[in-house]
Amino acid sequence: MEERLRSKLAVVQALALDVDGVLTDGGLYFGNDGKEYKRFHVHDGLGLVLLQHVGIRVLWISGRQHDGVKARAEELGVYLVQGVSDKPQVLRDTLKQWGIELAKVAYMGDDWNDYRVMQVVGVRIAPSDATDRIKRFADYVTVRSGGYGAVREACELILEAQGRLEEALERYISGQ
């Protein structure tokens, strides 16, 4: 990892994420009943749990509303705001409550609806299957695709830059 990126990640206190295309594969699946279904990857969930074990806050910001997203967020203990049209404002409002500066936030997004929020954070991350322009704008592009471990990769990158990966793993394994 390049030194510039490592120094930016070393101060991260919160990871904010888009949902569709980042935590999911971006596909919209509809059953015969007309309900929409989403698929999450268990590796991403564990990465988010590891961050929280060392005090790094996690925020999901989605432009859409979905009960399955809410259920998964609750299961992982992450903060979720859905139905958002102004992602930068939601991020600012949440960070104010948490007492965290924008420069100490990493954000992962995959498309133009994430561009404005990516402009205001300290670290911009994109999954490997993000749009080309978002990938060029990002500080880091994951090897993995959205919904297939990209978030876990970002989580471990943050923890490694902070020298806290082993601490997070130990806390997870010991149930702390």
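Each value in this text was obtained by applying a stated rule to the coordinates, not by laboratory testing. Please read these numbers as outputs of a predicted model, since none were measured by experiment. Cβ sites come from the backbone with ideal geometry, for glycine too, and all protein chains shown count toward neighbours.
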Going through region 63-91 in order, the residues found to be surrounded by 15 or more Cβ atoms within 10 Å (Cβ to Cβ) and farther than 17 Å from GLY27 by Cβ are ALA73, LEU76, VAL78, TYR79, LEU80, VAL81, GLN82, VAL84, LYS87, PRO88, VAL90, LEU91
Would you confirm whether any residue within region 11-24 is under 30 Å from GLY175 (Cα atoms), buried (at least 16 other Cβ atoms within 10 Å of the Cβ), of a type outside the set (A, V, I, L, M, F, W, C) and touching a strand residue (DSSP E or B) at 6+ places or on another chain (Cβ under 6 Å)?
no
Here is a list of conditions, (1) under 15 Å from THR24 (Cβ atoms); (2) under 13 Å from the mean Cα position of the chain (by Cα), and ASN113 meets all of them except one; can you say which number that is?
(2)
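How many residues are polar (S, T, N, Q) and either free of Cβ contacts under 8 Å to residues at least 40 places away in the same chain or touching a Cys at 6+ places or on another chain (Cβ under 9 Å) (or both) if we restrict to region 95-116?
1
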By residue number, the members of region 117-134 that are surrounded by fewer than 18 Cβ atoms within 10 Å (Cβ to Cβ) and out of contact with any Asp or Glu (no Cβ under 8 Å at 6 or more places or on another chain) are GLN119, VAL120, SER128, ASP132, ARG133
Could you list, in sequence order, the residues of region 135-156 that are free of Cβ contacts under 8 Å to residues at least 60 places away in the same chain and either surrounded by fewer than 24 Cβ atoms within 10 Å (Cβ to Cβ) or charged (D, E, K, R) (or both)?
LYS135, ARG136, PHE137, ALA138, VAL141, VAL143, ARG144
